[in-house]
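**Q** My questions all concern the structure below.
The values are calculated or read from the model by the stated rules, or taken from the named source; none is laboratory data. Just so we're clear, the structure is a prediction, and the values are computed from it rather than from any experiment. Cβ placement follows ideal geometry from the backbone for every residue including glycine, while neighbour counts extend to all protein chains displayed. These accessible areas exclude ligands, DNA and RNA; they are computed on the full protein's heavy atoms, side chains included. Shrake-Rupley method; radii C 1.70, N 1.55, O 1.52, S 1.80 Å.
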Amino acid sequence: MSVSMQSEIRNRLLASLPELEFLKLSEVLEPVDLPRGFLIVAADGVIDYVYFLCCGIGSVVTVSPDGQKAEAGMFGREGFSPTTAGVGGRSSVHEVFMQVAGHGHRVTISAFDALLPKSPTLVNLLARFIQAFATQISYTALCNVGYQVDERLARWLLMCHDRVDGNEIALTHDFISLMLGVRRPSVTTALHVLEGKKLIWSERGRITIRDRSGLEEFAGNAYGKPEEEYRRLIGDF
């Protein structure tokens, strides 16, 4: 991959690198298709690759010892995963997989570790993203105890919308149930509330955002602070 191709890279972190750092990294990057359900790393699993998405959405999921799951956060072209690799970790506490299909680039963990001492801007960007992502996770915890399911769903859909092109998002009710940590009937009820307010249109396996500003108003303070933190630290998505 040549430096001239950097302008075509849609991952925010890779696109922000100085040319010389990008050139070093590009020598070990490989393109990768990321179908829905693709496992980036298992919970408590060894990290083999570090991924930089260019499109699609990855889901970071907390898994309890007895197998219960709930989404802790999501990421797309604005970041990288697994984040623990950015601080020298070789295993991941979380399960990370693709919730919306896409593509991107990846680098082996050994090549990534060898590159970091030579790439001060990349190290800085990784640290900034880790901080922004930690803010997102903390707000997920807050929303889970302080907001109604329909408000949480509005926040989650806005976050998905931030990371896709267009207004259509390929999502099933069962998957939303898993990500919000609630039963499917609660998801169905919440979707009906948002549909009734003409904020979204929901059909089998697909949700269309109809009124972005209205959805933000409905979500209220459940949405926005982590996004502000990302813009402060790195820039627009």
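**Q** Given a 1.4 angstrom probe, I'd like the percentage of the accessible area of the chain that is carbon and sulfur, rounded to a whole number.
**A** Of all accessible area on the chain, carbon and sulfur atoms account for 51 percent.
**Q** Still on this structure: When 1/r is averaged over all different Cα pairs and the result inverted, which Kirkwood radius in Å belongs to the chain?
**A** 18.3
**Q** Would you mind calculating the relative contact order of the chain from Cα pairs under 8 angstrom and at least 6 residues apart, reporting the percent as a whole number?
**A** That works out to 20 percent.
**Q** Further question: Using bins 5 angstrom wide from zero, how does P(r) for the range 85-182 break down, in % of all Cα pairs?
**A** In order of increasing distance, the bins hold 2, 9, 16, 20, 19, 15, 11, 6, 2, 0 percent.
**Q** May I pose another question? Which lysines have a Cα lying under 28 Å from the Cα of K24, excluding residues fewer than 8 positions away in the same chain?
**A** Here the lysines satisfying the reach criterion relative to K24 are K118.
**Q** Could you name the lysines whose alpha carbon sits less than 27 Å from that of K225, not counting residues in the same chain fewer than 8 places away?
**A** Those lysines meeting the cut-off are K69, K197, K198.
**Q** Given a 1.4 angstrom probe, what's the average accessible area per residue across the chain, in square angstrom?
**A** Per residue, the chain has 46 Å² of solvent-accessible surface.
**Q** For the range 179-237, count the residues as N, evaluate 2.2 N^0.38 Å, and divide the Cα radius of gyration by that value, please.
**A** Compactness ratio reported: 1.34.
**Q** What number do you get for the range 1-108 when its Cα radius of gyration is normalised by 2.2 N^0.38 Å, N = residues?
**A** On the way: Rg = 14.1 Å, N = 108, 2.2 N^0.38 = 13.0 Å.
In units of the 2.2 N^0.38 Å rule of thumb, it is 1.08.
**Q** Using alpha carbon centroids, what distance separates the range 84-125 and the range 202-237, in Å?
**A** Centre-to-centre (Cα) distance: 25 Å.
**Q** Something else: For the range 105-237, report the translational diffusion coefficient in µm²/s to the nearest whole number, using Stokes-Einstein at 25 °C, 0.890 mPa s, and a Kirkwood Rh over Cα pairs.
**A** Translational D for this selection: 150 µm²/s.
**Q** Given Cα pairs under 8 Å that are at least 6 residues apart, what percent is the relative contact order of the range 193-237?
**A** 20
**Q** Compute the Rg to Rh ratio over the range 142-220 from the alpha carbon atoms, using the Kirkwood formula for Rh, and round to two decimal places.
**A** Value, to two decimals: 0.91.
**Q** What residues from the range 102-127 fall in the zone where the backbone N is under 19 Å from a label point 7 Å along the Cα-to-C-beta line of V28?
**A** Correct set: 104-127.
**Q** Still on this structure, please answer the following. Picking from S177, V50, I137, whose Cα lies most toward the positive end of the charge dipole for the chain (charges on Cβ: Lys, Arg +1; Asp, Glu -1)?
**A** S177
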